[in-house]
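Every number in this text was worked out from the coordinates using simple rules, so none of it is lab data. None of the values given here were measured: they were computed from a predicted structure. Every residue, glycine among them, receives a Cβ derived from its backbone with ideal geometry; neighbour counts consider all protein chains shown.
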Amino acid sequence: MLAELRAKSQVTIPKELVTKLGIKEGDKLEITEKDGVIQLIPVVVYPKKLVEELREEIMDVKTKIASGTQPVFDSIDSLMDELES
């Protein structure tokens, strides 16, 4: 596929790729260059507050695992069995 660099350094991503990747207007793309190759990588940006809340939850679970108060499951099936009972 061929794209043309336009005014203000804009490039249109071919619709076929947009559809295939499931990206839409407003999505964020990380742009990198390596050995003369430009890469556009779709990314998800999470609010900092959400990331901090998740980090706190993970630390709480790690503390519970270390103290033996957090159940640990060997498989998804055993977790699902516990949730269903």
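Listed by position, the helices (runs of 4 or more DSSP H) enclosed by the chain that each have at least 2 residues that are within 20 Å of the chain's Cα centre (by Cα) and exposed (fewer than 10 other Cβ atoms within 10 Å of the Cβ) are 48-67. If the condition is being among the hydrophobic types (A, V, I, L, M, F, W, C) and in contact with a Pro (Cβ under 9 Å, 6 or more places away or on another chain), then region 27-49 contributes only 29.
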